[in-house]
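Every number here is computed from the coordinates shown, using simple stated rules; none is lab data. Because the structure is predicted, anything quoted here is derived from the model rather than measured. Counting neighbours? That spans all protein chains shown, and the Cβs are built from the backbone with ideal geometry, glycine included.
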Number of protein chains: 2
Amino acid sequence: MEKFYKDRNVLITGGLGFLGSNLALRLDRLGARVTLVDAFLPGHGANWRNIEEIRGSVQVNLCDIRDEHAMARMVADKQTIFHIAGQTSHTDSMTDPFLDIDINCRGNMVFLETVRKHNPEARVVYASTRAIYGAPVTVPVTEAVRPNATDIYGVNKYAGEAYHMIYHRAHGIPITVLRCSNGYGPRAQIEHPKFGILNWFVGLILRNQKIKIFGDGAQLRDYTFADDFIEAFLLAGMKQDALGQVFNIGATTQIRFLDMVKTLIEIAGQGEYELVPWPPEYKKIEVGDFAYDISKAQTVLGWSPSTAFEDGLRKTFDFYRANLEHYLPAE
Amino acid sequence: MEKFYKDRNVLITGGLGFLGSNLALRLDRLGARVTLVDAFLPGHGANWRNIEEIRGSVQVNLCDIRDEHAMARMVADKQTIFHIAGQTSHTDSMTDPFLDIDINCRGNMVFLETVRKHNPEARVVYASTRAIYGAPVTVPVTEAVRPNATDIYGVNKYAGEAYHMIYHRAHGIPITVLRCSNGYGPRAQIEHPKFGILNWFVGLILRNQKIKIFGDGAQLRDYTFADDFIEAFLLAGMKQDALGQVFNIGATTQIRFLDMVKTLIEIAGQGEYELVPWPPEYKKIEVGDFAYDISKAQTVLGWSPSTAFEDGLRKTFDFYRANLEHYLPAE
């Protein structure tokens, strides 16, 4: 992996966000030449603190993936592109579906057209999401399970990955799609609960605020640590067998939502929770139990999540305790 | 059916196109109060001749479904809305993906938001397409088969129907989705081969031009006559069991592409064809064999196609022979 990425010209869209910045740190350590693109949209997770350690050794370019002229320059000379930028809030996609369409449909097409015109040889890894399965029609969920999104975000992320697959088949662009499950870890935004609920709870605990659990918290979920996702992105960018393929990327160990909260409080050594009724805007898009089948990623990418939940939580609390002021919600 | 639609306030988007106009004629005969919306986009199939017989008894409003203010007035007082307008060319979606996104993603969302705000009680029937299955992952294709579109049109039509299903579940709008297969019959455009290939061939035969078949013409296809589609739309707008449901609507009898052409020539009593190599832009999005499972529509809607292929072709040739000048390509 070091051999592959050393001196490699790499672009990361959404590079100042949660996944993008963690990936940037790792690529920088591997010796890659890293360029980060980020639109810094309010509420979308970009944070200068995320890349403080590598500020001097990476290129940062603030622009929107919908900006075709800036993006043409960004993609032109890159060997590998990790395309992570997107609208990521389930609830926002229901209250402002047009923004979600503009970023996750039109914006992805601007990106792909730019790659097709200016650098069709670039290896592209696209960050999709388990939200495309929505309330899954069968569990555990393999890549062959049909999409059943419960919100506009899930539909448009599916459209985005389908565009990528079509641009692979019709235009020969070497593309891999990763359907990422719930993530947690350092460098996620903790300003609002619109995405990254576990990190939101970490923030509440550190700010001595009570966690509200909707319903009884009995739904099964899986949580994947940032470093495990990053490993999957790096492998997906290397393996020839991954071309034109879609992979489920997520933890296989299920935990009930309520037990996740109890574990957080235990690891933190502080915190409180209460059960409250489902707010209607969340209930409408709640997906129920979810369990991932990741055997394709295990076989083809040689990837499995390796971080124990408690270890990941400890690293997460360590990070936010040391950096809390940089991640607090604006007053 | 007459009882249900008599004096009913009905809106048809794409009302001057192939399906929309045939539906309008039938609804007019059933005694419905029909309003037609059409954007008259160049190349999209709208033709005044399509509604000549009912010009005096239907309302026509030229506007785009992306025009939220005009559409607000259009949907406000309607009991039933047949939402058929859309970008419909596979190849155009590959050469101009942004127009397809703007109509089939953003335009569908403008439509749905307009219905949600101004008339959430309206019964909506959305015309989707078998193109969402693309190169189907299993044959015959039931509604449970996962989408696998080979072009941007197929992806965005899937997004459009998924938006509709979400607006049904989250906002309670009474919606039914019909995934329509290849259609043919009177009132389709025959100006270009970008959609409605059978009608295009009918036009070529009547203009004494040779039909070009790409490849060997061995791929299996099904062709559904306009009147059969119209019956499905009318049933879908009536049945309570159809709410929140998706249905495959198409013929079950398969015919090889080459045999379809031979039958056309036989029924017409004129015409010639030749085999030519696949042009690359078509080959890239060709889907191979296709066979529809329509048992859900048979069970729930009580719908089956009833027009024999030869009968449908005779009616089609009769129509275009009587009206050819109104459907010829612009010089």
Send over the per residue convex hull volume for the stretch A:168-256, Cα only, as a whole number of Å³.
133
Taking the Cα centre of the stretch B:201-331 as origin and charging only Cβ (+1 Lys, Arg; -1 Asp, Glu), how large is the dipole, in debye to the nearest 20?
140
Copy-to-copy spacing for B:ASP311, label 7 Å out on the Cα-to-C-beta vector, in nm, shortest first?
7.1
Let's test the formula: R0 of 25 Å, r as the Cβ-Cβ distance of B:LYS3 and B:ALA76. What FRET efficiency results, to the nearest 0.05?
0.50
Enumerate the amide H contacts of B:GLY215 below 5 Å, restricted to partners 5 or more residues apart or on another chain; note that Pro and chain-start residues carry no placed amide H.
B:VAL276, B:TRP278
In whole µm²/s, the translational diffusion coefficient that Stokes-Einstein assigns to the stretch A:197-331, given a Kirkwood hydrodynamic radius over C-alpha pairs, 20 °C and 1.002 mPa s, equals 129
Report the residue of chain B with the smallest Cβ-to-axis distance, using the rotation axis that brings B onto A, in whole Å.
B:ARG146, 2
When the expected Rg is taken as 2.2 N^0.38 Å, what fraction or multiple of it is the alpha-carbon Rg of the stretch B:1-68?
1.06
Over all alpha-carbon pairs of the protein assembly as shown, lay out the pair-distance distribution in 20 Å bins, whole %, shortest bin first.
18, 48, 27, 6, 0
For the stretch A:54-66, Karplus couplings with θ = phi - 60° (6.51, -1.76, 1.60), whole Hz, Gly/Pro x
10, 3, x, 10, 10, 8, 10, 10, 7, 6, 8, 5, 7
One decimal, nm, nearest first: from B:VAL60 to the same residue in each other copy, label points 7 Å out along Cα→Cβ, the values are 5.8
Dipole of chain A, positive direction: furthest Cα of A:PHE111, A:HIS171, A:VAL137, with charges on the beta-carbon:
A:HIS171
Determine the alpha carbon to alpha carbon distance for each of B:LYS3/B:LYS262; A:LYS296/B:LYS117; A:LYS194/A:LYS315 and list only those over 32 Å.
B:LYS3/B:LYS262; A:LYS296/B:LYS117
Would you list which lysines come within 20 Å of A:LYS6, measuring only between C-alpha atoms, while excluding same-chain residues fewer than 8 positions from it?
A:LYS78, A:LYS239
Computed FRET value (nearest 0.05) for A:GLU121 with A:ASP318, which takes r as the C-beta separation and R₀ as 45 Å
0.65
In this structure, the FRET efficiency calculated for A:ILE265 and A:HIS192 from their beta-carbon separation, with R0 = 22 Å, to the nearest 0.05, is 0.60
A correct Kirkwood calculation over the Cα atoms of the stretch B:26-133 returns a hydrodynamic radius in Å of 15.0
Nm distances between the label at A:MET1 and the same-position labels in the remaining copies, 7 Å along Cα→Cβ, shortest first?
6.2
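So, by mean Cβ neighbours within 10 angstrom, what's the order for A:294-307, B:24-37, A:223-236 with the highest one leading? Can you show the working numbers first?
On the way: A:294-307: 18.0, B:24-37: 21.9, A:223-236: 23.9.
The most tightly packed comes first, giving A:223-236, B:24-37, A:294-307.
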The stretch A:140-211: relative contact order from alpha carbon pairs under 8 Å, six or more residues apart, as a whole percent, is 14
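Remind me, what semi-axes does chain B give for its equivalent ellipsoid, largest first in whole Å, using sqrt of 5 times each Cα gyration tensor eigenvalue?
Working: eigenvalues 176, 98, 74 Å².
Output for chain B: semi-axes of 30, 22, 19 Å.
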Roughly how many whole Å is it from the C-alpha centroid of the stretch B:263-327 to that of the stretch A:43-120?
43
Which ³J(HN,Hα) values in Hz, rounded to whole numbers, follow from the phi angles of the stretch B:80-94 under the Karplus curve 6.51 cos²θ - 1.76 cosθ + 1.60, where θ = phi - 60° and Gly and Pro get x?
10, 10, 9, 9, 10, 4, x, 6, 10, 9, 4, 5, 4, 5, 8
